[in-house]
């Protein structure tokens, strides 16, 4: 759901030409990469078969980097294969990256307020603006509460619904 919202946000930005505001757009790209990295290291944390082999395949892709690829992969693994050291490092990254994402999101919003949002009509909209706080804040808060309630119900009553059955098998490198 989170990535669907991100892709819709990117699509809206492409449609309205938001990529012309380079600082805001580039920080948005950094945000996308950070959220993808957070999702990947979080995917590895259950340490099942799918997680183990996902970590092995994706981290091995980094070995294609010239000169430093092999050393980079061994540094990420913490050894010569995906092991407990890798899991510890990925847990640390999964904990730290959301704080970095909050900081980069703040920068993204600061650049957005500096340049202004894309106006699809091209007309001067300063005359009939609605204040964000109170009007949209409460609407966003209600929507967030409804999504949080749905997520709590899903995770409490149907915890294994979205999981892959192969990931319930403990990781085995053989």
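The values are calculated or read from the model by the stated rules, or taken from the named source; none is laboratory data. Here the structure is a predicted model, which is why all the values come from computation and not from measurement. With ideal geometry, Cβ positions are generated from the backbone for all residues, glycine too; neighbour counts draw on all protein chains shown.
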**Prompt:** Only one of 48, 79 is farther than 30 Å from residue 25 by Cα, loosely packed, with under 14 Cβ neighbours inside 10 Å and either more than 17 Å from the chain's Cα centre (by Cα) or in contact (Cβ under 8 Å) with a residue 24 or more places away in the chain (or both); which?
**Reply:** 79
**Prompt:** Do you know which residues across the range 30-56 are assigned to a helix (DSSP H, G or I), at pLDDT below 95 and either touching a strand residue (DSSP E or B) at 6+ places or on another chain (Cβ under 8 Å) or closer than 27 Å to residue 117 by Cα (or both)?
**Reply:** 49
**Request:** Return a yes/no flag: does the range 101-115 have any residue that is at pLDDT 85 or above, closer than 25 Å to residue 58 by Cα and surrounded by 10 or more Cβ atoms within 10 Å (Cβ to Cβ).
**Result:** yes
**Asked** How many residues, within the range 16-29, are touching a residue at least 24 places away in the same chain (Cβ under 8 Å) and either touching a strand residue (DSSP E or B) at 6+ places or on another chain (Cβ under 7 Å) or exposed (fewer than 15 other Cβ atoms within 10 Å of the Cβ) (or both)?
**Response** 3
